[in-house]
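Each remark here refers to the structure printed beneath this line.
The values are calculated or read from the model by the stated rules, or taken from the named source; none is laboratory data. This structure is a prediction, so every number in the text was calculated from the model and none was measured. All Cβ positions, even for glycine, are placed from backbone atoms using ideal geometry, and neighbour counts span all protein chains on display.
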Amino acid sequence: MASKLLCPPPRMAQTCLRRTQHFGPAISRLPQRRHVSAYGYEQAKALTVSEYGEPPAVLRLHSHSISPPHSNLMTLRFLASPINPADINQIQGVYPSKPTFTTSLGTANPIAVAGNEGVAEIIALGEGVKKEGFKKGDWVFMKAPGFGTWRTHASATTNDVVKLDDQMREGITAIQAGTVSINPCTAYRMLRDFTTLNQGEWFIQNGANSGVGRAAIQLGKKWGYKSINVIRSREDKSKEEAMRKELQDLGADVVITDTELQSQGIKDQAKEWTNGGRDPIRLALNCVNGKAATAMAKLLSSSAHFVTYGAMSKQPLTIPASMLIFKDIHFHGFWVSRWAEKNPEEKQKTVADVLDMTRKGDFRDMPVDEIKWEWETKGDELIGKVRDTLEGYRDGKGVFVFGKT
């Protein structure tokens with residue numbers, strides 16, 4: 001926290017200056033920390049964009065003031081906010097959900113705060129918010145995408161957030177709470193909502209080492225499903241083998257590469273894994289597309305379901321007519337943000353269930369690269385971390401972890 005007296009908006013700046021001059025040397029004896037101004041204005045910083053483009057080129061660290069909350073408003077202090085691929089796509093302007101551009105952050109031209117997922121603490125609230133059952137210290141996550149979570153503080157209404165009640169928070173870290181609402185929820189709903197898998201039945205997925213993939217492995221294991229997991233082939237075979245073992249330790253039954261998936265003998269191998277082909281592969285989860293996704297679909301049993309939730313290869317999904325006509329494969333798309341908007345109560349139940357598994361040790365976090373965000377942290381440093389994610393220079397999911405802000 002900075003050692004300066006932070007002022008409210010410009011109209012009060014002269015008054016603030018006079019008070020600073022009046023106190024003189026006494027100011028230097030104040031604790032070395034940032035604090036709310038005498039007028040109750042919270043000082044905030046946010047990674048924002050004024051136009052779409054590549055994150056390193058368009059992201060800016062913007063400082064602004066938040067007025068004291070009243071009525072149905074609350075002030076949030078963010079605790080942890082991950083960097084997801086969808087966040088990058090949103091900044092680029094190619095994601096279906098758009099960020100909210102506004103001039104309410106003290107700029108002449110509209111800007112938008114980046115980021116869609118995260119957990120925040122309520123640090124101040126109006127009377128209307130209190131009447132709805134919220135209190136200071138509550139943790140909340142965002143109800144829908146587009147709010148903007150890459151920031152130290154925000155002003156919000158109860159319509160913007162979902163509260164994690166005290167039972168859901170027990171034994172849960174801020175990083176766990178801040179990363180539960182997208183990847184684990186996506187895996188959970190895809191395994192549950194498109195077909196009914198019985199214990200011992202199989203699903204297959206690509207992108208198995210992603211956040212969704214790791215969640216699907218663990219949830220499937222807990223529910224008694226078996227899984228075939230496809231990872232990207234690597235030139236460094238030692239890293240490839242390390243990845244296989246890591247996913248097997250999470251509960252994966254079979255781990256293969258996309259090269260192995262497209263090999264000639266894959267159907268015979270699949271029969272060996274599935275009791276001579278007598279155990280059906282009834283569900284596929286796809287976030288890659290391209291030829292490898294088509295090869296994955298060919299391993300499905302008749303009347304199985306193929307769910308697409310991403311397109312990491314940026315290639316189209318090609319569906320042979322025979323899969324539709326003769327095998328009756330059902331192809332679906334899934335977007336967790338749309339599902340959550342339509343099913344807010346189910347989302348809260350899903351989050352609560354995953355957090356309960358986490359608390360009991362039945363669900364493990366994916367590897368995380370903590371990105372410290374203090375009040376003094378420079379914009380170039382934060383934007384550089386986003387660039388690293390864009391370029392793949394990270395072993396774990398990048399998560400902004402807020403310190404003294």
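Restricting Lys404, Lys385 to residues that are surrounded by fewer than 16 Cβ atoms within 10 Å (Cβ to Cβ) and modelled with pLDDT of 90 or more narrows the list to Lys404. For the subset of the range 279-291 comprising residues that are more than 29 Å from Tyr95 (Cα to Cα) and of a type in the set (D, E, K, R), which member is surrounded by the most Cβ atoms within 10 Å (Cβ to Cβ)? Step by step, filter the range 279-291, then rank; the result is Arg282.
Here Phe203, Phe194 are screened, and the one residue that is over 18 Å from the mean Cα position of the chain (by Cα) and surrounded by fewer than 23 Cβ atoms within 10 Å (Cβ to Cβ) is Phe194. Report yes if some residue within the range 136-146 is on the phi > 0 side of the Ramachandran plot and without any contact (Cβ under 8 Å) to a residue 40 or more places away in the chain; otherwise report no. The answer is yes; a qualifying residue exists. All told, Ser233 meets the bar of being surrounded by 14 or more Cβ atoms within 10 Å (Cβ to Cβ), modelled with pLDDT under 95 and polar (S, T, N, Q).
Among the residues of the range 344-364, is any touching a Pro at 6+ places or on another chain (Cβ under 9 Å), within 30 Å of Ser63 (Cβ to Cβ) and of a type outside the set (D, E, K, R)? Checked against the condition, which is being touching a Pro at 6+ places or on another chain (Cβ under 9 Å), within 30 Å of Ser63 (Cβ to Cβ) and of a type outside the set (D, E, K, R), the range 344-364 yields no hits at all. Of all residues in the range 190-200, those satisfying the criterion of being of a type outside the set (Val, Ile, Thr), out of contact with any Phe, Trp or Tyr (no Cβ under 6 Å at 6 or more places or on another chain) and at pLDDT 95 or above are Leu191, Arg192, Asp193, Phe194. Being of a type in the set (Gly, Ala, Ser), in a helix (DSSP H, G or I) and surrounded by 14 or more Cβ atoms within 10 Å (Cβ to Cβ) holds for only one residue in Ala340, Ala311, and it is Ala340.
Residue-wise test of (1) at pLDDT 95 or above; (2) in the same structural domain as Val94 (by TED's automatic domain parsing); (3) of a type outside the set (Phe, Trp, Tyr); (4) crowded, with 17+ Cβ neighbours inside 10 Å.
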position: Lys239; (1), (2), (3), (4): no, no, yes, no
position: Lys245; (1), (2), (3), (4): yes, no, yes, no
position: Val255; (1), (2), (3), (4): yes, no, yes, yes
position: Gln264; (1), (2), (3), (4): no, no, yes, no
position: Ala293; (1), (2), (3), (4): yes, no, yes, yes
position: His305; (1), (2), (3), (4): yes, no, yes, yes
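In contact with a Cys (Cβ under 6 Å, 6 or more places away or on another chain) and assigned by TED's automatic domain parsing to the domain that holds Asn289: which single residue out of Gly251, Gly211, Gly207, Gly200 fits that description? After applying the criteria, what remains is Gly207. Just to be sure, is Pro110 over 14 Å from the mean Cα position of the chain (by Cα), farther than 27 Å from Met366 by Cβ and touching a residue at least 12 places away in the same chain (Cβ under 8 Å)? Answer is yes for this residue. Condition test on Gly276, is it crowded, with 18+ Cβ neighbours inside 10 Å and part of a loop (DSSP other than H, G, I, E, B)? When the stated conditions are applied, Gly276 does not pass them. For the range 279-326, which positions are over 29 Å from the mean Cα position of the chain (by Cα) and of a type in the set (Val, Ile, Thr)? Once the filter is applied, which keeps residues that are over 29 Å from the mean Cα position of the chain (by Cα) and of a type in the set (Val, Ile, Thr), the range 279-326 yields Ile319, Ile325.
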